[in-house]
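Trainee: My questions all concern the structure below.
The values are calculated or read from the model by the stated rules, or taken from the named source; none is laboratory data. As the structure is a computational prediction, the values presented were derived from the model and not from experiment. Heads up, the Cβs are rebuilt from the backbone with ideal geometry, glycines too, and the neighbour counts pull from every protein chain shown. Surface areas here come from the heavy atoms of the whole protein model, side chains and all, with no ligands, DNA or RNA. Shrake-Rupley method; radii C 1.70, N 1.55, O 1.52, S 1.80 Å.
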Amino acid sequence: MERNEILKQVNAIFVDILDNESLVLTDSTTANDVEDWDSLTHIHLVVAIEKGFAIRFSSQEIQSWNNIGELVDCIASKK
Amino acid sequence: MKTFSQLKKNLKQDFTGLKTIRVALLGDTATQFLVQALRATGYEAGYDLQIWEADFNQIERQVFDPSSELFEFNPELVILFQSSHKLLAKYNKSKPEHYQMLADNRLEEINSIVSAINGQLNAKIIYYNYSEINDSVFGNYANKLELSFPFQLYKLNYELVRLATQVHNFYICDLSSIQNQLGKSVSFQTSVYINTEMVLSIDVLPFVAKQTVDIIAAMNGQSKKCVILDLDNTVWGGVIGDDGLENIQIGSLGIGKAFTEFQYWIKKLKNRGIILAVCSKNTESVAKEPFEKHPDMVLRLDDIAVFMANWENKADNIRQIQSILNIGFDSMVFLDDNPFERNIVRENIPGITVPELPADPADYLEYLYTLNLFETISYSNEDTERTKLYQVEAQRSVLQQKFTNEDEFLESLNMLSLVEPFNKFNTPRVAQLSQRSNQFNLRTIRYTESDIALISNSDNFYTFAFTLEDKFGDNGLICVIVLKAKDKETAFIETWLMSCRVLKRGMEQFTLNTIANFAEEKGFKQLEGEYIPTAKNEMVKAHYANLGFENSGDKWILNLSNFKNNKCYINKK
């Protein structure tokens, strides 16, 4: 799967869960840049991404990403 | 079932106009998502759940401190969620010689929590039972060993059920059963647990919230009262008109087994007090044949309160069933294998529940189990008689057609009513009637059995429970009055409710005669009534005006010095 494709799909999941149509993610986006992306919502996003890509993250991975780019890399490593 | 993400969108909806209920949620794990799921699911059921969430792991602090935020919030409902994971953690930390005390200790703790709540609040309590965790320390031998964790957990769940039978306002939400239905791998997700301290997975949240809101809805008088059944390929396999009596599929062979088991389920619902009606596109005599003659039929004609088999549109037939039974469409469930008929009924009958039965009849029951359609918060022996009552009602309407004069008809019924104050025998039925009656209910006050005990013991209240029987049969307890002494002169009618199945018999007049005479004897000068409108009680809008009360602001007054008994054909038993 193309990295770009993954980012697009992750963006769509964020838009759905955060209910924010105008959200545009880039590799450097962090939780601080996105309204409502708190630690609780994070887990909800993670579960939705697991479902969307049919993958499973380990408990450590979930807390390891510093930005969207690292999340996308992690997804790419599993596809 | 909507997913948690879909549900969450409800939180942005406008909740104004919905019935508000103040709910306190106390848990020993993180419950933020559960709060969101509950509020969002409440919205779908028409409730604005105003949820106060205790800080994490604060159950004891909140309930044992009389000046806590919990008591300040003064909820109508308290939800308690003590998780299996925390129970296991407690077990793990205890000394081995204390293992076998786990369930007893926890039960004692729950008992004191419940007493503390009941000491300060007049609230109902919902308690989540314990979803099963097998720590696999003793293998299957755990079932033979009292000190094992699984043994203690099973014991605790059993003791909770017993506690619920003893404490009127204590209700169990069966989390264990939800986990059994969906599987532990769906209900519990380790990464969510590790990272957030939440023991419910994102996927299980809508199910837990749904069952909780089902209980809340039942507490507020919303429940299903009637199942309307299609016949061909719903109650039996095949088409009776084409295949004939010998060839329909039912019994112990092949797919027949699925229909037989489905019928047993329906029969249990009937025995529980759910009214059964048939709505089938068939010639009536042909449709009735299996009920009369087929040896493998579980359902018989005397199980069915109203039998509609003809070639008319099903929506029209269901409207007619509704007019005979006199219950709301929102308390009806329609089961039909045919998607076309389901859509017609769904589109034309607002409020009716029409489950999307799976294409394979073998799946009907498992699917219906998951819907939890028949939640209730009470059960009385009278429930089991309900079908007969409605069948008798059908006979009465045949007799009525023969009389042109209504007085003659009413007189011919030889009606008798037993009038008693609330007592321990009629309390369950009084509570149930107060929870179920929506239409003929002037102020729609719901009473639990413990509320009724309080009222019965108070000097300020006078209570009346009325039965009605006639030559066709006994309707049982059908009318409830609660009078409250407002001052020396005025008796206020706090509650006047009646079952709609005894409308147009003069029961209203008989009731008024009874309470007016009683109030006069007690030295009151006037009766005061009030009508509080709801979405469903329009039918009694003019109730007090019709009975000769005079309007006074938002109240209705009947002066007892001028009162003369109204004509009616009901005698005191």
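Trainee: Just one of B:76, B:97, B:69 is acidic (Asp, Glu), at pLDDT 95 or above and buried (at least 16 other Cβ atoms within 10 Å of the Cβ); which is it? Break it down stepwise before answering.
Mentor: Numbers: B:97 fails: buried (at least 16 other Cβ atoms within 10 Å of the Cβ); B:69 fails: buried (at least 16 other Cβ atoms within 10 Å of the Cβ).
Going through B:76, B:97, B:69 in turn, the sole match is B:76.
Trainee: Consider region B:257-273. How many of its residues are modelled with pLDDT under 95 and open to solvent by less than 10 Å² (accessible area, probe 1.4 Å)?
Mentor: 1
Trainee: Keeping to region B:1-31, report how many residues are touching a strand residue (DSSP E or B) at 6+ places or on another chain (Cβ under 7 Å) and within 14 Å of chain A (Cβ to nearest Cβ).
Mentor: Number of matching residues: 1.
Trainee: Looking at region B:79-94, which of its residues are open to solvent by less than 40 Å² (accessible area, probe 1.4 Å) and closer than 20 Å to residue B:197 by Cβ?
Mentor: Passing the criteria: B:79, B:80, B:81, B:82, B:83, B:84, B:85, B:87, B:88, B:89, B:91.
Trainee: Now for a separate question. Just to be sure, is residue A:4 in a loop (DSSP other than H, G, I, E, B) and either among the acidic types (Asp, Glu) or more than 26 Å from residue B:36 (Cα to Cα) (or both)?
Mentor: Against the criterion (in a loop (DSSP other than H, G, I, E, B) and either among the acidic types (Asp, Glu) or more than 26 Å from residue B:36 (Cα to Cα) (or both)), residue A:4 does not qualify.
Trainee: Based on this model, can you work out whether residue A:49 counts as farther than 14 Å from residue A:10 by Cβ, buried (at least 19 other Cβ atoms within 10 Å of the Cβ) and within 12 Å of chain B (Cβ to nearest Cβ)?
Mentor: no
Trainee: Continuing with the same structure: In region B:233-256, which residues are open to solvent by less than 20 Å² (accessible area, probe 1.4 Å) and of a type in the set (D, E, K, R)?
Mentor: none
Trainee: Of everything in region B:33-58 that's touching a residue at least 24 places away in the same chain (Cβ under 8 Å) and within 13 Å of chain A (Cβ to nearest Cβ), which residue is farthest from the chain's Cα centre (by Cα)?
Mentor: Checking each candidate, the answer is B:56.
Trainee: Would you confirm, using the coordinates I've provided, whether residue B:247 is at pLDDT below 95 and under 27 Å from residue B:385 (Cα atoms)?
Mentor: Criteria not met by residue B:247.
Trainee: For residue A:20, which of the numbered conditions (1) over 20 Å from residue B:190 (Cβ atoms); (2) buried (at least 18 other Cβ atoms within 10 Å of the Cβ) fails to hold?
Mentor: Of the numbered conditions (1) over 20 Å from residue B:190 (Cβ atoms); (2) buried (at least 18 other Cβ atoms within 10 Å of the Cβ), the odd one out for residue A:20 is (2).
Trainee: Can you give me the ranges of the helices (runs of 4 or more DSSP H) entirely in region B:332-448 with at least 2 residues that are open to solvent by 60 Å² or more (accessible area, probe 1.4 Å)?
Mentor: Hits in region B:332-448: B:339-348, B:364-371, B:386-402, B:406-412.
Trainee: Can you confirm whether residue B:64 is away from every other protein chain (no Cβ under 14 Å), open to solvent by 20 Å² or more (accessible area, probe 1.4 Å) and closer than 22 Å to residue B:125 by Cβ?
Mentor: Yes, satisfied.
Trainee: State which residue is farthest from the other protein chains (Cβ to nearest Cβ) when the search covers only region B:172-189 and only residues that are under 18 Å from residue B:374 (Cβ atoms) and open to solvent by 20 Å² or more (accessible area, probe 1.4 Å).
Mentor: B:172
Trainee: Quick check on region A:11-25. Is at least one of its residues in contact with a Leu (Cβ under 9 Å, 6 or more places away or on another chain) and part of a loop (DSSP other than H, G, I, E, B)?
Mentor: yes
Trainee: Moving to a separate point now. Quick check on this structure: which one of B:213, B:167, B:192 is within 14 Å of chain A (Cβ to nearest Cβ) and not charged (D, E, K, R)?
Mentor: So the residue among B:213, B:167, B:192 that is within 14 Å of chain A (Cβ to nearest Cβ) and not charged (D, E, K, R) is B:192.
Trainee: Quick test of your reading of the structure: residue B:138 fulfils all but one of (1) in contact (Cβ under 8 Å) with a residue 40 or more places away in the chain; (2) farther than 18 Å from residue B:78 by Cα. Name the failing condition by number.
Mentor: (1)
Trainee: Yes or no: residue B:111 open to solvent by 50 Å² or more (accessible area, probe 1.4 Å), in a helix (DSSP H, G or I), over 27 Å from residue B:366 (Cα atoms) and touching a strand residue (DSSP E or B) at 6+ places or on another chain (Cβ under 9 Å)?
Mentor: For residue B:111, the condition - open to solvent by 50 Å² or more (accessible area, probe 1.4 Å), in a helix (DSSP H, G or I), over 27 Å from residue B:366 (Cα atoms) and touching a strand residue (DSSP E or B) at 6+ places or on another chain (Cβ under 9 Å) - is not met.
Trainee: Out of (1) of a type outside the set (Lys, Arg); (2) facing chain B (nearest Cβ under 10 Å); (3) open to solvent by less than 10 Å² (accessible area, probe 1.4 Å), the odd one out for residue A:14 is which?
Mentor: In the conditions (1) of a type outside the set (Lys, Arg); (2) facing chain B (nearest Cβ under 10 Å); (3) open to solvent by less than 10 Å² (accessible area, probe 1.4 Å), residue A:14 misses (2) alone.
Trainee: Taking the stated definitions as given, is residue A:76 within 14 Å of another protein chain (Cβ to nearest Cβ), part of a helix (DSSP H, G or I) and small (Gly, Ala, Ser)?
Mentor: Here the answer is no, as residue A:76 does not meet what is asked.
Trainee: Determine if region A:59-69 includes at least one residue that is surrounded by fewer than 16 Cβ atoms within 10 Å (Cβ to Cβ), at the interface with chain B (Cβ under 8 Å from one of its Cβ atoms) and farther than 13 Å from residue A:6 by Cβ.
Mentor: yes
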